[in-house]
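The values are calculated or read from the model by the stated rules, or taken from the named source; none is laboratory data. What you see is a predicted model, and the numbers here were worked out from it, not measured in a lab. With ideal geometry, Cβ positions are generated from the backbone for all residues, glycine too; neighbour counts draw on all protein chains shown. SASA here: full protein model, heavy atoms, side chains in, ligands and nucleic acids out. Shrake-Rupley method; radii C 1.70, N 1.55, O 1.52, S 1.80 Å.
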Amino acid sequence: MHWADVIADEIIKKCDRPLIATGISPTGFIHVGSLREAITAEAVRSATESKGSDVRLIYLIDSFDPLRKRYTFLPESFEEHVGKPICRIPCPCGEHNTYAEHFIMPFLDAIDAIGVKCEIIWTHELYEQGKFADAIDASIVKRERVIEILTKVSQKEKNDNYAPYNPLCPECGRFVKQPDLDSYEFPYLKYKCEKCGHEGAADIRKGDGKLTWRLEWPAKWKMFGVSAEPFGKDHAAAGGSYDTGELIVKDIFGGEAPYPIPYEFVQLKGKGQMHKSTGSSVTGIDAISMTPPEVLVYTFLRVNPERHIDYDSEMGILDMADEYDRMESLFFEGGATEAEENAVRAYELSKHNNMPESMPLHIPYRHLVNVVQMADDVDGIIGILKRNGDFNDASDSDLARLDRRIECVRFWLNSFAPDQVKFSVSKGMPDVRLSDDEKEYLVMLLSSLSASEWNAESIHNIVSEAGKNSKIGTKGGFQVLYKILINRTSGPRLGHFLATMEKDFVIGRIKEASV
């Protein structure tokens, strides 16, 4: 059974209307690995829904978190904003309302594109609406018990001055780390700002401050009645924030901890893990731009959350697309082995259990990468595919899928693809010098190709046979054809490559080169 179905069964046992929560703190560029949490949560939601349960998924944006330092990608002017909540810091590009929006909006576009069905909730709005007031009050009143839990569970040295709530100074806009805890009388807590010296009183019913992370997280569990939540393995470590939260939500807030879904991190693999135009590592929006949405989701769902994922933005993209298509074929045609059953179920979940009536038309992804580089527009691409009989029975949904995959291939080629897969067909004869032996080979090849059927298998056999019978050999034959067509000595699989071109064009180029 797929891991998402196992978790769904466990959740349904405990509650009639499950609520799954996930979220992120958008303090900077959001790495592709952050998609794992959203995709994991959506898979559990979809699996739970498929079993007839009324389930919700909420996505919490921790927009009230402080900017902890000026990151290298920020201008020096942002040094003055360190310590302020990111919902009250200006947008770095000037096109969004806040710093938080600047970094989260592209990511929200990404999770929308992959079909995550969630309700977006901004944490700073919850504070402003007074939704955290009861939790803040309980945290301060029961502070001694909070300290006891944190000390015992985290195994850290006891801090008698621990403040579970940090007021927000209205003068300098930064959080106060050590308020006057003895002054607390609902709903006010006095403080003196360590940064600017301002003295005041925070109203816990307003956005005048926030809980520390170890208390805010379990406070959300209580507030929403969270049934299950995925989170990074660092939070799941012994004595980590989940362990302390489990006791805090029970003893301090009178709630229950959600079913834990810890996940391993996503590791970037290979050399090409930086966007070639921005110089930043692969972000969530990069991933959704260069990978068909359903393929990206499948990549994360095919393995258990507790196993790490190697994300390869180079040739790994092609491998995943081909594997996805193979699982799609197994779903519709059957024949999956026992070892493949969970992968086929991952395919279903990647479609959010909304399956097409029949198997979509498959264009091998590697083949599409080549074809995209041989045509200027979609019509040209379709023309090449039809020439090889690949697209004669395409439906409207097949065309829509092709359009999306073409967009992804183009983005990948421009941003992350290795040079070895890139080429362009020379419109005229390249400026290359051929030896007499190479020209003799082309003359030998010409007559055979002219009389041949124009398909990949026939072309490959003729080219190989001609090479064996020539002085340059099979490898040399392949190389000379690449040279006269794309001005390189290697390229796409030659039989398929030549078959995508007009026969007259190829024959004409060989004639020109053999003179």
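Report, by residue number, each residue of segment 156-185 that is out of contact with any Cys (no Cβ under 6 Å at 6 or more places or on another chain), charged (D, E, K, R) and either over 17 Å from I86 (Cα atoms) or open to solvent by 70 Å² or more (accessible area, probe 1.4 Å) (or both).
Across segment 156-185, the qualifying residues are K156, E157, K158, D160, K177, D180, D182, E185.
Out of all the residues in segment 77-84, is one or more aromatic (F, W, Y) and surrounded by fewer than 23 Cβ atoms within 10 Å (Cβ to Cβ)? Give the derivation first.
Going residue by residue through segment 77-84, those that are aromatic (F, W, Y) are 78.
If we keep only those that are surrounded by fewer than 23 Cβ atoms within 10 Å (Cβ to Cβ) too, we end up with 78.
Yes: segment 77-84 contains one or more residues that are aromatic (F, W, Y) and surrounded by fewer than 23 Cβ atoms within 10 Å (Cβ to Cβ).
Matching residues to (1) within 34 Å of the chain's Cα centre (by Cα); (2) free of Cβ contacts under 8 Å to residues at least 12 places away in the same chain:
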position: E128; (1), (2): yes, no
position: F132; (1), (2): yes, no
position: A135; (1), (2): yes, no
position: S139; (1), (2): no, no
position: V146; (1), (2): no, no
position: V153; (1), (2): yes, no
position: E157; (1), (2): no, yes
position: D160; (1), (2): no, no
position: Y165; (1), (2): yes, no
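Just for helices (runs of 4 or more DSSP H) wholly inside segment 121-231: which have at least 2 residues that are more than 30 Å from A4 (Cα to Cα) and among the basic types (K, R)?
143-154
Take the residues in segment 387-416 that are touching an Asp or Glu at 6+ places or on another chain (Cβ under 8 Å) and either free of Cβ contacts under 8 Å to residues at least 60 places away in the same chain or not in a helix (DSSP H, G or I) (or both), then tell me which one is surrounded by the most Cβ atoms within 10 Å (Cβ to Cβ).
Across segment 387-416, the extreme among qualifying residues is F416.
Right, Y259: within 30 Å of L215 (Cβ to Cβ), at pLDDT 95 or above and either open to solvent by 40 Å² or more (accessible area, probe 1.4 Å) or within 16 Å of the chain's Cα centre (by Cα) (or both) or not?
yes
When both residues are 6+ apart or on different chains and their Cβ atoms are under 8 Å apart, which pairs have a first residue that lies in segment 213-234 and is more than 14 Å from L60 (Cα to Cα) and open to solvent by less than 20 Å² (accessible area, probe 1.4 Å), and a second that is at pLDDT 95 or above and among the small types (G, A, S)?
Qualifying pairs under 8 Å: L215/A135; L215/S139.
For the condition farther than 24 Å from V369 by Cα, in a helix (DSSP H, G or I) and either touching a Leu at 6+ places or on another chain (Cβ under 8 Å) or at pLDDT 90 or above (or both), what is the one hit in I462, I507?
After applying the criteria, what remains is I462.
Have a look at R68, R36, R56, R45 and point out the one that is out of contact with any Lys or Arg (no Cβ under 9 Å at 6 or more places or on another chain) and over 20 Å from A287 (Cα atoms).
R68
Restricting the first residue to segment 479-492 and requiring it to be farther than 12 Å from M429 by Cα, which pairs with a second residue that is part of a loop (DSSP other than H, G, I, E, B) and of a type in the set (D, E, K, R) meet a Cβ separation below 9 Å and a spacing of at least six or different chains?
Sorted first by the residue in segment 479-492, then by its partner, the pairs are Q479/R488.
Scan segment 303-356 for residues that are within 18 Å of L268 (Cβ to Cβ), open to solvent by 70 Å² or more (accessible area, probe 1.4 Å) and in a loop (DSSP other than H, G, I, E, B) and jot them down.
Result: R307, H308.
Just a yes or no: is a residue in segment 421-434 basic (K, R), surrounded by fewer than 17 Cβ atoms within 10 Å (Cβ to Cβ) and in a helix (DSSP H, G or I)? Working first, answer last.
Of segment 421-434, the ones basic (K, R) are 422, 427, 433.
Keeping just the survivors that are surrounded by fewer than 17 Cβ atoms within 10 Å (Cβ to Cβ) gives 422, 427, 433.
Within this subset, residues satisfying the condition of being in a helix (DSSP H, G or I) are none.
Taking every residue of segment 421-434 in turn, none turns out to be basic (K, R), surrounded by fewer than 17 Cβ atoms within 10 Å (Cβ to Cβ) and in a helix (DSSP H, G or I).
Do we have any residue at all in segment 57-66 that's of a type in the set (G, A, S), touching a strand residue (DSSP E or B) at 6+ places or on another chain (Cβ under 7 Å) and open to solvent by less than 10 Å² (accessible area, probe 1.4 Å)?
The answer is yes, given that some residue of segment 57-66 is of a type in the set (G, A, S), touching a strand residue (DSSP E or B) at 6+ places or on another chain (Cβ under 7 Å) and open to solvent by less than 10 Å² (accessible area, probe 1.4 Å).
Could you tell me whether any residue of segment 50-70 is within 15 Å of F231 (Cβ to Cβ), assigned to a loop (DSSP other than H, G, I, E, B) and at pLDDT 95 or above?
Looking through segment 50-70, at least one residue is within 15 Å of F231 (Cβ to Cβ), assigned to a loop (DSSP other than H, G, I, E, B) and at pLDDT 95 or above.
Hey, could you check segment 186-210 for residues that are within 18 Å of V82 (Cα to Cα) and not basic (K, R) and say which is most open to solvent (accessible area, probe 1.4 Å)? I'd like the intermediate steps shown before the answer.
Here is the first cut: in segment 186-210, the ones within 18 Å of V82 (Cα to Cα) are 193-198, 208-210.
Now drop any that are not not basic (K, R), which leaves 193-194, 196-198, 208-209.
Working: C193: 6, E194: 103, C196: 65, G197: 33, H198: 53, D208: 49, G209: 0 Å².
Here the residue is E194.
Condition test on I89, is it surrounded by fewer than 23 Cβ atoms within 10 Å (Cβ to Cβ) and more than 30 Å from D312 (Cβ to Cβ)?
yes
Please list, ordered by first then second residue, the pairs with beta carbon atoms under 6 Å, 6 or more apart or interchain, first in segment 333-346 and under 14 Å from M1 (Cβ atoms), second open to solvent by 90 Å² or more (accessible area, probe 1.4 Å) and assigned to a loop (DSSP other than H, G, I, E, B).
Sorted first by the residue in segment 333-346, then by its partner, the pairs are A343/R302; A346/R302.
Does G383 satisfy the criteria of being open to solvent by less than 40 Å² (accessible area, probe 1.4 Å) and out of contact with any Leu (no Cβ under 9 Å at 6 or more places or on another chain)? Full working, then the answer.
Working: open to solvent by less than 40 Å² (accessible area, probe 1.4 Å): yes; out of contact with any Leu (no Cβ under 9 Å at 6 or more places or on another chain): yes.
So G383 passes the test.
Given the structure, is Y298 buried (at least 22 other Cβ atoms within 10 Å of the Cβ) and touching an Asp or Glu at 6+ places or on another chain (Cβ under 7 Å)?
Criteria not met by Y298.
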